[in-house]
1. Among the residues of the stretch 70-105 satisfying the criterion of being outside any strand (DSSP E or B) and among the basic types (Lys, Arg), which is modelled with the lowest pLDDT?
2. Is it the case, given these coordinates, that Phe2 is surrounded by 14 or more Cβ atoms within 10 Å (Cβ to Cβ) and hydrophobic (A, V, I, L, M, F, W, C)?
3. Looking only at the stretch 5-18, how many residues end up being in a loop (DSSP other than H, G, I, E, B), under 15 Å from the mean Cα position of the chain (by Cα) and surrounded by fewer than 15 Cβ atoms within 10 Å (Cβ to Cβ)?
4. Being closer than 17 Å to Ile25 by Cβ and either at pLDDT 85 or above or buried (at least 19 other Cβ atoms within 10 Å of the Cβ) (or both) is the filter here, so list the residues in the stretch 37-57 that pass it.
5. Just to be sure I understand the filter: pairs with C-beta atoms under 7 Å, separated by 6 or more residues or on different chains, first member in the stretch 19-42 and in a loop (DSSP other than H, G, I, E, B), second member of a type in the set (A, V, I, L, M) and surrounded by 11 or more Cβ atoms within 10 Å (Cβ to Cβ). Which pairs pass?
6. Can you list residue pairs whose Cβ atoms sit under 7 Å apart, with the first residue in the stretch 89-115 being under 18 Å from Lys53 (Cα atoms) and surrounded by 13 or more Cβ atoms within 10 Å (Cβ to Cβ) and the second being at pLDDT 80 or above and among the aromatic types (Phe, Trp, Tyr)? Count only pairs 6 or more apart in sequence or on different chains.
Amino acid sequence: MFQVIFNDTSAAEMSALPKPLQLQILSEFNFLPEDLDKIDPEKFGRLAREGRKLFRYRATDYRIYFELTEKGLCVHRVLHKNSLKDFLYRSKLPLGEDEALQKTPEFWDMIDGRR
């Protein structure tokens, strides 16, 4: 059975949004794990570090960061796109969004809830 699991951080981020926006984001987040093998680069990004694979999905003005686990899709963060732009600007990273993020330890700390 396939399920989407929100950790405490991502659940709090979703619950802080207005209900109609939550429903809109979730309605766009509709795919199966096997779809990740043939992802659309317009909607998805991939980040990897030390054998760990993380996906980014664009839904409206939000970015959903998740990974595929044995239990299903584990959602780590639900962030407004401007918060990532601010992060990249403050970090002064000269690379593409996904490439820059996967090389930044602070990003992985944020995903793991340490920031």
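1. Arg90
2. no
3. Total satisfying the criteria: 0.
4. Gly45, Phe55, Arg56, Tyr57
5. Close Cβ pairs satisfying both conditions: Phe29/Ala59; Phe29/Ile64.
6. What qualifies is Leu101/Phe107; Ile111/Tyr65.
The values are calculated or read from the model by the stated rules, or taken from the named source; none is laboratory data. All values derive from a computational prediction rather than experimental measurement. For neighbour counting, all protein chains shown are included, and Cβ atoms are generated from backbone atoms with ideal geometry for every residue, glycine included.
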